[in-house]
1. Using 0.36 nm per residue of separation minus the Cα-Cα distance, give me the extension gain between residue 125 and residue 46 in nm, one decimal.
2. Normalising by the residue count of the range 45-127, find the relative contact order in percent from Cα pairs under 8 Å and 6+ residues apart.
3. List, largest first, the extents of the alpha carbons of the range 35-120 along their principal axes, each in whole Å.
């Protein structure tokens, strides 16, 4: 049996994870259309947070009102909501607007559950 070099597997795993994150980031760029619409992907979780952050940073200073399309969102966790809330607050501090497009029960539910619906400018939940 061959001896394995110590640490090789860890570096390989990190390299693969890094390559996947870069690939997701490239795909996120395609989520922005010239008309000022940024479409969130179906998975806005901690696993996809690097790609989400990269995409949001690209459109952060978009001078016109930016429409964020949430229709595709199926899964979102605290990390995803935090990134989006930070993005919204930063755009507001720059005097830039955001408009929400589409509906996604997972997105609205997570925002209300985490208490950031008002920060995001989402409508109140019906009682």
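1. That works out to 25.9 nm of additional length.
2. 35
3. Principal axes ranked by extent give 29, 24, 21 Å for the Cα atoms.
Quick note: the coordinates plus some simple rules give every number you see, no bench work behind them. These figures come from a predicted structure and were not determined experimentally.
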